[in-house]
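Just below is one structure, and these are the notes that go with it.
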Amino acid sequence: MRVLRRTVQLAFLGLTVAVGLGAAMGWLQGASVEGYCPMGGLAALPSAITTQRFSCSTGEANFTALAGLLVLALLARKSFCAWLCPLGTLLEWLGRLGARLRGRRAASPAVGLLAPARAPDRLARWLRLGVLAAIVAATYTTSELVFRPYCPYYSLTSFHGHDVEAWSYAILGTVLLAALVLPMAWCRYLCPLGGALWPFARLGRLRVAREESACTGCGKCDRACPHGLRPSAADEVRSGECTLCLECRAACPERGALGVRAGALGARPRVSAWAVPGLLGGLAVLVVVASGLWSMPSYALDIPDAAPAARPAVVSLVVDGVRCVDTARKAVAQLERLPGVIRVVAYAARHTLEVHHDGARLDREAIRRALEAPVIDPQSGQIRFHVYKVLEIE
Ligand code: SF4
Ligand code: SF4
């Protein structure tokens, strides 16, 4: 199971880096590392509920991933962190390196060059909820993903993406260095997504369980836990911090002493540890499929005083340059004064504009020309060429 988890971690980290690089170099049209990031969905959730519009560059995949992650937490706790999160993978490896640097006697990956006492460690974990509240409030008031330039995951995988500044790399470097000194410091104290999952994971149905009769009390499971939990101290690990990494089970020398239990309302039968990667894989596929089954606009404009259409028609365009609400709004402005346009709806995360028009007055080529025409910057008055390029028309 340990080999499987490390393989899955490596594969997901590699996939994320490949998508980030491909998107940055233009090899993967329309792909983005933030497209499936559940944190984007979480930050934009209040404004999506109140306005029925996506904020900034968020879209269906962000919100579907968030829903999938919450379901996963209720079933398999914070297994996303231990099995899939690319940043978590890197921080876990750095934490192990830090523990080794501490010396031969530091056998636990939870203890790096610094070893926080249990009480301040527990208290500091509440910081994550403060970070989460600040991000959600700022995103709600600005409708922008304000957290993006501060996010170490985005700085790491976007290959100098939109909004990334020199200090974004300084934050990333600090987070990576901190993991060496204090393992999983970002995950323990600052990660807003980890903070949001915490209460859901506390209720998680799959749990590491200890068989008292088989346990010798050697404590090897406690030393193996990267989050400093103590599986040897109870019959079940109920903590909302457990990521179901199963390192404790792999470290246990006694056959049958540590396993996984499932269920609710008292009945907690033992299940195979394969249930954890099985659930993760199944939910990942469901998220990808389900995100294509629904849609919500990022921006929509009904053209005031548009004449009723003699022949109503709708054309859908995939447009390079439409990336977020702001760029979508500017693209819609290109079509606003085109005679025959009635309504334009933008789906920024899909780079798509839906143009409702009078087919008797306007054809799709006229719409393409208007969209690809030079753009006049309203602030500077400068003319900019090739801002939007139509990739597909349906
Ligand atoms: S208790 Fe076991 S499964 Fe849970 S995080 Fe610690 S080592 Fe991983
Ligand atoms: S490693 Fe196994 S035997 Fe040792 S304390 Fe933990 S559960 Fe018991």
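Nothing in this text is a laboratory measurement; each read-out follows from the coordinates by a stated rule. For clarity, every value in this text was computed on a predicted model and none was experimentally measured. We place every Cβ from the backbone using ideal geometry, glycine too, and count neighbours over all the protein chains shown.
GNM on the chain, alpha-carbon springs under 10 angstrom: the most fluctuating residue among 276, 344, 285 is 285. Here's the list of aspartates and glutamates a cross-link from residue 389 could span, going by alpha-carbon distance under 13 Å and ignoring same-chain residues fewer than 8 apart: 320, 365, 372. For the pair segment 222-248 and segment 39-87, the centres of their Cα atoms are 25 angstrom apart. Straight-line cross-link partners of residue 78 among the aspartates and glutamates, defined as a Cα under 16 Å from its Cα and at least 8 positions apart when in the same chain: 92, 236, 241, 247. Spread over its residues, the convex hull of the C-alpha atoms of the chain is 159 Å³ per residue. Using Cβ point charges alone (K and R +1, D and E -1), the dipole size of segment 299-393 about the Cα centre works out to roughly 100 debye. Based on every Cα atom in segment 207-268, Rg and the maximum pairwise Cα distance Dmax equal 10.8, 31 Å. If R0 is 51 Å, the Cβ-Cβ spacing of residue 115 and residue 159 corresponds to a FRET efficiency of close to 0.90. By the beta-carbon count within 10 Å of each Cβ, the least crowded to most crowded order of 220, 78, fewest first, is 220, 78.
Across segment 323-340, computed HN-Hα scalar couplings (Karplus, 6.51 cos²θ - 1.76 cosθ + 1.60, θ = phi - 60°) run 10, 8, 4, 5, 5, 5, 4, 5, 5, 4, 4, 5, 9, 3, 9, 6, x, x Hz from first to last residue, x flagging Gly and Pro. Note on the chain: GNM, Cα springs under 10 Å; of 212, 144, 354, the largest mean-square fluctuation is that of 212.
So, counting K/R as plus one and D/E as minus one, what does the shell of residues with Cβ under 15 Å around residue 54 add up to? Net charge in that neighbourhood comes out at 0. Need one number: the % of Cα-Cα pairs in segment 299-393 sitting beyond the 19 Å mark. Percentage above 19 Å: 35. Shown in residue order for segment 169-185 are the 3J(HN,Hα) couplings computed by the Karplus curve 6.51 cos²θ - 1.76 cosθ + 1.60 at θ = phi - 60°: 5, 5, 5, 4, x, 5, 5, 5, 5, 4, 5, 5, 7, 9, x, 6, 4 Hz (x for Gly and Pro). Dividing the summed helix terms, -39500 (n - 2.57) for each DSSP H run of n ≥ 4, by the number of residues in the chain produces a 222 nm estimate of -14000 deg cm²/dmol to the nearest 500.
Using a simple spin-label model with pseudo-atoms 7 Å out from Cα toward Cβ, residue 170 and residue 329 lie 3.0 nm apart. Between residue 267 and residue 300, the modelled labels are 4.6 nm apart [label points 7 Å from Cα along Cα→Cβ].
Largest GNM mean-square fluctuation among 345, 314, 17, using the chain with Cα springs under 10 Å: 314.
Each other residue within a Cβ distance under 11 Å of residue 375 adds +1 if Lys or Arg and -1 if Asp or Glu, for a net charge of 0.
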